[in-house]
Amino acid sequence: MTSLRIAVVGGGAAGFFGAIAAAEADPTATVTIYEKGRQVLQKVRISGGGRCNVTHACFDHKKLAAHYPRGNAWIRPLLTRFDAIDTVDWFEERGVPLKTEADGRMFPTTDSSETIIDCLLDTARRLGIQVRTSSGIERLEPQADGTYLMHLFGGEQVTADRVLVATGGYPQAPSYGWMPEQAEPLMLPVPSLFTFNTPGNPLLSLAGVSVSNAMVQVVGTKLTQKGPLLITHWGFSGPAVLRLSAWAARELADRDYRFNLRINWVPERNEDQMKFEFNELRQYNPRRQVTTQNPFGLPARLWEALCADAGVADGVRWADFPGKTQNRLIERLGNSQFAVQGKSTFKDEFVTCGGISLGAIDPETLESLAHPGLFFAGEVLDVDGITGGFNFQNAWTTGFVAGQSLVKHETIA
């Protein structure tokens, strides 16, 4: 009996996990990974500042699925087959223990992404999986006998019985053109997880200053997030901004990344509470200067900048703090607004919103409804998570399910 020929297109996290799952499910199969670039697992290498944020310590399927702006309801049933606990166990069983940080992100205890890369490469090597780099696919053609003919750049042709596409997200729709057309139109790709550029922002001189909890909102919408915020040389970043960029990815793309951003620097206090605390300072610290007495725990440089923007005079004491100036300061604290004019990719961790429509594939096997024997996994699908390890968990989950389906399920004839 001829062994099953499996081609995995894409040498990233989902591709390797899919290839490994297939090889473990059918040791007789011939599994080959085709990677367009010169190196595999590049996104794993740079993730988390070179530490690799493998997953998130969220072990409730419903709560975990809620971290995916696109695909949350779709991925939830798949998590019953391979979730964050399974991810931890999978790496632990292969000699790579993970640790949990205060914010829930999970990393290898070595704090090195090379540990994860070595684990995946060693496992693939042990299973006899072939890895071919500099091997991009120019065209993938379904054949009448149910196989697939892959046209590689350079003229080589390869035939496979089953194909798993795990290329990651593409930034533009034409990049998906090498694949056979699917049952449903492509969900047009747009960026997710990006930072906001605010040229002319008076706070740019405070680059590096962070706030532990701020509320950010796209003005005129209900799109809001709370969390740590970082002032950068070009605008704003940090988890709150990245989460907002993910949930608002399509709307911000429609606006060509030009919109007004509202920041509430003290979301735990309303206007009346701020007025009360100011009155307390007037009563108990009348001789202290407003610009040096920060009642809300904000970084000193940020407090001084907000005071200056509100027109607080240098040296003014709380006893002499004018009511109108106080109102302007309250406005700056709770409703600072900045004109966003463009975005920047968060480090090198590009994430795409959009891709292969989830309606185009079997939700249990991840097989194409239009082309039996063709499967998808990872970010090439219209699934993306917020920052914090969720996109890697999508790669592990869909890679595992698709990989097993490649050899365990009959194709949908």
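Laboratory data are not the source of any read-out in this text; all were calculated from the coordinates shown. As the structure is a prediction and not an experimental result, all values here were calculated from the model. Cβ atoms come from the backbone with ideal geometry, glycine included; neighbour counts cover every protein chain shown.
With a cut-off of 8 Å between alpha carbons and a minimum separation of six or more residues, what is the relative contact order of region 194-345 in percent?
In percent, rounded to a whole number, it is 32.
Expressed as a whole number of Å, what is the distance separating the alpha-carbon centroids of region 50-109 and region 264-343?
Result: 41 Å between the Cα centres.
At most 12 other Cβ atoms within 10 Å and a DSSP loop assignment: could you name the trypsin sites (Lys or Arg not before Pro) in region 1-49 that fit?
38
Give the long-range amide H neighbours of residue 194: residues separated by 5 or more places, or on another chain, with amide H under 5 Å away, using H modelled in the peptide plane at 1.01 Å from N.
So residue 194 has HN proximity to 245, 246.
Tell me which residues come under 5 Å, amide H to amide H, from residue 382 once H is placed; ignore anything under 5 positions away on its chain.
Amide H to amide H, under 5 Å and 5 or more residues apart or across chains, residue 382 pairs with 356, 358.
Residue by residue through region 381-389, what is 3J(HN,Hα) from phi via Karplus (6.51 cos²θ - 1.76 cosθ + 1.60, θ = phi - 60°)? Round to whole Hz and write x for glycine and proline.
7, 7, 9, 8, x, 6, 5, x, x
If I take every Cα pair under 8 Å that is 6 or more residues apart in the chain, average their sequence separation and divide by the length, what percent do I get for the relative contact order? Walk me through the numbers before you get to the answer.
Details: 901 pairs, mean separation 101.8, N = 413.
Relative CO of the chain lands at 25 percent.
Compute the length gained on full extension between residue 325 and residue 147: take 0.36 nm times their separation in residues and subtract their Cα-Cα distance, giving the result in nm to one decimal.
56.7 nm
Using modelled amide H (1.01 Å from N, peptide plane; none on Pro or chain starts), what sits under 5 Å from the amide H of residue 235, excluding residues fewer than 5 places away?
So residue 235 has HN proximity to 198.
Compute the acute angle (0 to 90°) between the alpha-carbon long axis of helix 84-93 and the principal axis of greatest extent of the alpha-carbon atoms of the chain; round to the nearest 10°.
60 degrees
Suppose R0 equals 22 Å; then what is the FRET efficiency for residue 139 and residue 39 from their Cβ-Cβ distance, rounded to the nearest 0.05?
Efficiency computed from Cβ-Cβ geometry: 0.40.
So what's the chain giving for Cα Rg divided by 2.2 N^0.38 Å, two decimals? Intermediate results must be reported in sequence, preceding the final value.
Values: Rg = 25.3 Å, N = 413, 2.2 N^0.38 = 21.7 Å.
Computed over Cα atoms of the chain, the ratio equals 1.17.
Using θ = phi - 60° and the Karplus form 6.51 cos²θ - 1.76 cosθ + 1.60, what ³J(HN,Hα) does each residue of region 128-143 get, whole Hz, x for Gly and Pro?
x, 6, 8, 10, 10, 9, 6, 10, x, 9, 7, 7, 10, 10, x, 9
Treat each spin label as a single point 7 Å out from the Cα along the C-beta direction, and report the residue 101 to residue 156 distance in nm.
Between residue 101 and residue 156, the label points sit 3.9 nm apart.
I need the Kirkwood Rh of region 194-345: take the reciprocal of the average 1/r across all distinct C-alpha pairs and report it in angstrom.
Evaluated on region 194-345, it is 16.0 Å.
Working from Cα positions, state the angle (0 to 90°, nearest 10) between the long axis of helix 13-25 and the longest principal axis of the chain.
Around 40 degrees separate the two axes.
Taking the simple approach of a point 7 Å from Cα along Cα-to-Cβ for both residue 260 and residue 111, what is their distance in nm?
Here the modelled spin labels are 4.4 nm apart.
Can you work out the Karplus-derived ³J(HN,Hα) for every residue in region 255-260? Use 6.51 cos²θ - 1.76 cosθ + 1.60 with θ = phi - 60°, whole Hz, and x for glycine or proline.
8, 6, 6, 10, 6, 9
Using +1 on the beta carbon of Lys and Arg, -1 on that of Asp and Glu, and nothing else charged, what's the dipole of the chain about the Cα centre, debye to 20?
Roughly 1460 debye, rounded to the nearest 20.
Note down, for region 41-193, the three equivalent ellipsoid semi-axes (square root of 5 times each alpha carbon gyration tensor eigenvalue), biggest first, whole angstrom.
Taking √(5λ) for each eigenvalue gives 31, 21, 16 Å, largest first.
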